[in-house]
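**Q** One structure follows; several queries about it will come next.
The values are calculated or read from the model by the stated rules, or taken from the named source; none is laboratory data. None of these values were measured; they are calculated from a predicted model. Note that we place each Cβ from the backbone using ideal geometry, even for glycine, and neighbour counts take in every protein chain shown. For accessibility, only protein heavy atoms count, side chains too; no ligands or nucleic acids. Shrake-Rupley method; radii C 1.70, N 1.55, O 1.52, S 1.80 Å.
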Amino acid sequence: MKYTINQITSGEDEAILNYIEMNEEVARIVAFFKSDSKKIIGWKDKIQIVIRPEEILYIESVDGRTFAYTEQDVYKVNFTLAQLEELLKDISFYRCSKSMIMNIDRVANLKSLSSNRIDAVMQNGEHIMISRTYATEFRRILRGEH
């Protein structure tokens, strides 16, 4: 892929992407553009925090409440897991179990387990179990077939 980068002295910053066919590289660039405009508001100690999606390791629903986990903190968010899944589907988030979505870009390593499950170790060392219901599709995504 050819890249052209120009610094301008006035006007508005603009990024233009011209492509012939949507492939994995182009899709990653598009996802990056889209991710910058998405922000999630989380709560910690009665303070609202703006969370960038790329900071999130995973999002979990526990007892009807939804929490976003970063390397440093846990934030309560006022969205359902389904709403967040829809909001983040274009930027490397994947439903890995009934109660969790994970940021694929923040996975450090993977280990296949019995019963077609996958143990995903996140960049902070935390283990996330990808259930067999979601494991087959997850493997397809990793192979670039999705």
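**Q** What pairs come up if the first residue lies in the stretch 1-28 and is closer than 17 Å to residue 91 by Cβ, the second is small (Gly, Ala, Ser) and surrounded by fewer than 10 Cβ atoms within 10 Å (Cβ to Cβ), and their beta carbons are under 9 Å apart, counting only those six or more places apart or on different chains?
**A** 24/144
**Q** Show the residue pairs meeting these rules: Cβ distance below 6 Å; 6+ apart or different chains; first residue within the stretch 34-55 and open to solvent by less than 40 Å² (accessible area, probe 1.4 Å); second residue at pLDDT below 90 and in a loop (DSSP other than H, G, I, E, B).
**A** Short answer, once both residue conditions are applied: 35/91; 53/38; 53/91.
**Q** Here are some residues: 6, 18. Which one is modelled with pLDDT of 85 or more, of a type outside the set (Val, Ile, Thr), out of contact with any Pro (no Cβ under 6 Å at 6 or more places or on another chain) and assigned to a loop (DSSP other than H, G, I, E, B)? First the steps, then the outcome.
**A** Details: 6 fails: modelled with pLDDT of 85 or more.
Within the list 6, 18, the selection yields 18.
**Q** Scan the stretch 100-107 and give yes if some residue there is part of a strand (DSSP E or B) and in contact with a Cys (Cβ under 8 Å, 6 or more places away or on another chain), otherwise no. Write out each step before concluding.
**A** Here is the first cut: in the stretch 100-107, the residues part of a strand (DSSP E or B) are 100-103, 107.
From what's left, in contact with a Cys (Cβ under 8 Å, 6 or more places away or on another chain): 102.
The answer is yes, given that some residue of the stretch 100-107 is part of a strand (DSSP E or B) and in contact with a Cys (Cβ under 8 Å, 6 or more places away or on another chain).
**Q** When you check residue 59 against the structure, is it farther than 22 Å from residue 131 by Cβ, open to solvent by less than 70 Å² (accessible area, probe 1.4 Å) and at pLDDT 90 or above, yes or no? Steps first, please.
**A** On the way: farther than 22 Å from residue 131 by Cβ: no; open to solvent by less than 70 Å² (accessible area, probe 1.4 Å): yes; at pLDDT 90 or above: yes.
It is false that residue 59 is farther than 22 Å from residue 131 by Cβ, open to solvent by less than 70 Å² (accessible area, probe 1.4 Å) and at pLDDT 90 or above.
**Q** Further, regarding this structure: Looking at 143, 106, 95, which is the one that is closer than 19 Å to residue 73 by Cα and either in contact with an Asp or Glu (Cβ under 6 Å, 6 or more places away or on another chain) or among the charged types (D, E, K, R) (or both)? Talk me through it step by step, then tell me what you get.
**A** Numbers: 143 fails: closer than 19 Å to residue 73 by Cα; 95 fails: closer than 19 Å to residue 73 by Cα.
Exactly one residue qualifies, and that residue is 106.
**Q** List, please: which pairs have Cβ atoms under 9 Å, are six or more places apart or on different chains, and start with a residue in the stretch 110-125 that is among the polar types (S, T, N, Q) and end with one that is open to solvent by 50 Å² or more (accessible area, probe 1.4 Å) and in a strand (DSSP E or B)?
**A** Pairs that qualify, where the first residue is among the polar types (S, T, N, Q) and the partner is open to solvent by 50 Å² or more (accessible area, probe 1.4 Å) and in a strand (DSSP E or B), are 123/108; 124/108.
**Q** Now for a different question. Residues being exposed (fewer than 15 other Cβ atoms within 10 Å of the Cβ), over 22 Å from residue 54 (Cβ atoms) and of a type in the set (Lys, Arg): count how many of those fall in the stretch 82-139.
**A** Total satisfying the criteria: 3.
**Q** Among the numbered criteria (1) modelled with pLDDT under 90; (2) part of a strand (DSSP E or B); (3) among the polar types (S, T, N, Q), which single criterion is violated by residue 66?
**A** Failed condition: (1).
**Q** Kindly list the number of the only condition in (1) touching a Cys at 6+ places or on another chain (Cβ under 6 Å); (2) open to solvent by 80 Å² or more (accessible area, probe 1.4 Å); (3) not aromatic (Phe, Trp, Tyr) that fails for residue 72.
**A** It fails just one condition, (1).
**Q** Of all the residues that make up the stretch 108-126, how many are in a loop (DSSP other than H, G, I, E, B) and either basic (Lys, Arg) or closer than 22 Å to residue 26 by Cβ (or both)? If you could, list the steps in order and put the result at the bottom.
**A** Keep residues of the stretch 108-126 that are in a loop (DSSP other than H, G, I, E, B), which gives 113, 117, 123-126.
This time we only want the ones that are either basic (Lys, Arg) or closer than 22 Å to residue 26 by Cβ (or both), so: 117.
Within the stretch 108-126, residues that are in a loop (DSSP other than H, G, I, E, B) and either basic (Lys, Arg) or closer than 22 Å to residue 26 by Cβ (or both) number 1.
**Q** Conditions first: (1) free of Cβ contacts under 8 Å to residues at least 40 places away in the same chain; (2) of a type outside the set (D, E, K, R); (3) within 20 Å of residue 68 (Cα to Cα); (4) not in a strand (DSSP E or B). Residue 129 passes all but one, so which condition is the exception?
**A** (4)
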